[in-house]
Amino acid sequence: MSTEIYYFSGTGNSLYVARELQKRIPDSSLMPIVSLLHNDVICTNGDSVGIVFPVHALTIPIAVKKFLRKADMKSADYIFAIATRVGTIFRGFEKMDELLKKKNKRLASHFILNMYGNDPRCEHYESPTDTEISKRGSVVQERLDSIQRIIVNKEIARERDTEHSIDFPHNRLFNYLLEKLVLFGMTVVEYTRGVNYFCSDDRCTGCGICEKVCLSQKIQMVNKKPVWQKNVFCYMCYACVNYCPVRSVQVNDIPFVKSYTR
């Protein structure tokens, strides 16, 4: 059995999960999703195909949607997905099934891993300590051991989301309307070529790291300053924010959409 693990990751959580899973699954390989999106059709070769990604604004990232629309998964008789998040509720697996249904496919198993977020706009955001990261990492490792056994045995495991740790006000109508509003905002972003809500301040040293880590190649250094090109799509991965060594990259508000984990 061969397994292909496709991943989307801006600052490392989902890449970490994908790598750790690859270590556990024999005859498996990693495929970065963004590097394949220029293809008209993305053909898989694995008997099992996995997709690992962070939760973006309560749903799946735009890059993952694009991947699923282009993917030809005729090779796969088992498809699984793993979402990483900071703790918000997530119903994106239903959206994935909608996209896969058009190809006569369906998720055989899906899982959610709670990890630390890296969005400094979140209320009461604080960087976790090394001890906190180690403790959370131990939980993730145990979960991956269990996930590995399910995948290798090709078991059906469509987990319900019972472990979200961030709740909105306990009002079903409010939650429903909020979720619809956020998803509408993500749709607007997708069909208007992304957003332009990053900038740098006077702390910028012109090191060019933001340009190197930008998944969409939206950033271009001009006169030793980063420029976010308006005609290039933004995947909202936050790599430019999190990898800036002097914290020069700033985030302006974006209507409707607030991403809680990357």
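The set of residues from segment 186-209 being modelled with pLDDT under 85 and assigned to a loop (DSSP other than H, G, I, E, B) comprises 192, 193, 194, 195, 196, 197. Residues that are exposed (fewer than 13 other Cβ atoms within 10 Å of the Cβ) and among the hydrophobic types (A, V, I, L, M, F, W, C) within segment 22-46 comprise 41, 43, listed in sequence order. Residue 12 meets the conditions (1) under 22 Å from residue 85 (Cα atoms); (2) surrounded by fewer than 19 Cβ atoms within 10 Å (Cβ to Cβ); (3) at pLDDT 95 or above in every case but one. The failed one is (3).
Consider only pairs whose beta carbons are under 7 Å apart and that are at least six residues apart or on different chains; among these, list those whose first residue lies in segment 35-46 and is of a type in the set (Asp, Glu) and whose second residue is in a loop (DSSP other than H, G, I, E, B) and surrounded by 12 or more Cβ atoms within 10 Å (Cβ to Cβ). Going by the 7 Å Cβ cut-off, there are no qualifying pairs.
Scanning segment 14-58 for residues that are farther than 20 Å from residue 106 by Cβ and hydroxyl-bearing (Ser, Thr, Tyr) returns 14, 16, 28, 29, 35.
Taking segment 105-131 as the range and being modelled with pLDDT of 95 or more and assigned to a loop (DSSP other than H, G, I, E, B) as the test, the residues that pass are 105, 106, 107, 108. Looking across segment 5-21 at every residue that is among the hydroxyl-bearing types (Ser, Thr, Tyr) and in a helix (DSSP H, G or I), the one that is nearest to residue 63 (Cα to Cα) is identified as 14. From the list 67, 111, 80, the lone residue that is among the aromatic types (Phe, Trp, Tyr), under 13 Å from the mean Cα position of the chain (by Cα) and crowded, with 21+ Cβ neighbours inside 10 Å is 67.
Selection over segment 210-233 of residues that are assigned to a loop (DSSP other than H, G, I, E, B) and under 21 Å from residue 36 (Cβ atoms) gives a count of 7.
Please work out if residue 109 is among the polar types (S, T, N, Q), closer than 27 Å to residue 1 by Cβ and in contact with an Asp or Glu (Cβ under 7 Å, 6 or more places away or on another chain).
On the way: among the polar types (S, T, N, Q): yes; closer than 27 Å to residue 1 by Cβ: yes; in contact with an Asp or Glu (Cβ under 7 Å, 6 or more places away or on another chain): yes.
Criteria met by residue 109.
Among the residues of segment 52-89, those identified as among the β-branched types (Val, Ile, Thr), touching a Phe, Trp or Tyr at 6+ places or on another chain (Cβ under 9 Å), modelled with pLDDT of 90 or more and not in a loop (DSSP other than H, G, I, E, B) are 52, 64, 82, 84.
When residue 92 is tested against the conditions (1) modelled with pLDDT under 95; (2) over 22 Å from residue 150 (Cβ atoms); (3) buried (at least 19 other Cβ atoms within 10 Å of the Cβ), the lone failure is (2).
For segment 14-65, a residue qualifies if it is hydroxyl-bearing (Ser, Thr, Tyr), out of contact with any strand residue (DSSP E or B) (no Cβ under 8 Å at 6 or more places or on another chain) and under 20 Å from residue 158 (Cβ atoms), and exactly one does: 59. Within segment 124-157, restricting attention to residues that are loosely packed, with under 14 Cβ neighbours inside 10 Å and polar (S, T, N, Q), the residue that is nearest to residue 77 (Cα to Cα) is 153. Every residue in segment 16-34 that is out of contact with any helix residue (DSSP H, G or I) (no Cβ under 9 Å at 6 or more places or on another chain), under 19 Å from residue 115 (Cβ atoms) and touching a residue at least 12 places away in the same chain (Cβ under 8 Å), please. Correct list: 18, 22.
The values are calculated or read from the model by the stated rules, or taken from the named source; none is laboratory data. None of these values were measured; they are calculated from a predicted model. Virtual Cβ from ideal backbone geometry, glycine too; neighbours counted across all protein chains shown.
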